[in-house]
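Data block below; observations after.
The values are calculated or read from the model by the stated rules, or taken from the named source; none is laboratory data. Remember, it's a predicted structure, so these values are computed and weren't measured experimentally. Neighbour counts run over all protein chains shown; Cβ positions are idealised from the backbone, glycine included.
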C-alpha cells in the first residue's frame, strides 16, 4: 500500500470517526433538548395544577382582605358619625338657654362640692358663672365658693372645681366624654339599628 493510499485511508477513517462523533453529539444534543422540553412541560403542568388548586384560595384571600377593608371603612364612617353626634351635643350644651344652663351648673356644683370652700375656675368665654352668680349660689346653699381670678383657656364650657391640689373636672368636654363612654353603645344602636 502506497503512502498516498495510507494517507487516504487515515483521512477516510478520521472523517468517518468525526462524522460518528458528530452524529452521536447531535443525537445527545437532541436527547438533551427533548429531556429539557419534557422537564419544562412537567414544570409548567405542575405550576398550572398548583395554580388551579391555589387560585380559589388566592381569590378567597383577596375577597377577605377586600371585605376587611370595606368593614374598616364602614367602622371609620360610623366613628366619624358618632363623633359628629357628640360634637352636636357639645354645641347644644354650649348654646343652651340661660335657665337650663344655670340649673345644670347649679346641680353640677352641688354634686361636686365637698367642703364648700373650693375655688371655681371657668373659661375665658364663660358668661354665666361670675362673682355675682357665685355669691347668690353661696347664699342659697350656705357655701363659700370662690371664683378664680385666672380663666383657663382649656375650659370651653362648664367649670373646674379646685380643692387644694385636687381638681374636679365639670367641663362640657368631660361631661360629654363620660356620657359618651356610658352611652356610646346605645347611640350606635340608634344610629345603625337598620343596617
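Going through 86, 51 one at a time, which residue ends up being modelled with pLDDT under 85, under 30 Å from residue 159 (Cα atoms) and either part of a helix (DSSP H, G or I) or in contact with a strand residue (DSSP E or B) (Cβ under 7 Å, 6 or more places away or on another chain) (or both)?
Testing whether each residue is modelled with pLDDT under 85, under 30 Å from residue 159 (Cα atoms) and either part of a helix (DSSP H, G or I) or in contact with a strand residue (DSSP E or B) (Cβ under 7 Å, 6 or more places away or on another chain) (or both) leaves just 86.
Going through the range 125-183 one residue at a time, which ones are in contact with a strand residue (DSSP E or B) (Cβ under 9 Å, 6 or more places away or on another chain), in a loop (DSSP other than H, G, I, E, B) and closer than 16 Å to residue 102 by Cβ?
126, 129, 130, 145, 157
Considering only the range 91-122, state which residues are surrounded by 13 or more Cβ atoms within 10 Å (Cβ to Cβ) and touching a strand residue (DSSP E or B) at 6+ places or on another chain (Cβ under 9 Å).
Residues satisfying the conditions are 93, 104, 105, 108, 109, 112, 113, 118, 119, 120, 121, 122.
List every residue pair whose Cβ atoms lie under 6 Å apart, where the two residues are 6 or more positions apart in sequence or sit on different chains, the first residue falls within the range 65-87 and is over 25 Å from residue 178 (Cβ atoms) and outside the structural domain of residue 185 (by the TED database), and the second residue, located anywhere, is at pLDDT below 85 and exposed (fewer than 11 other Cβ atoms within 10 Å of the Cβ).
none
What are the residue pairs meeting all of these: first residue in the range 136-162, first residue touching a residue at least 24 places away in the same chain (Cβ under 8 Å), second residue loosely packed, with under 13 Cβ neighbours inside 10 Å and not in a loop (DSSP other than H, G, I, E, B), Cβ atoms under 6 Å, and 6 or more apart or on different chains?
Listed by first residue and then by second, the contacts come to 147/131.
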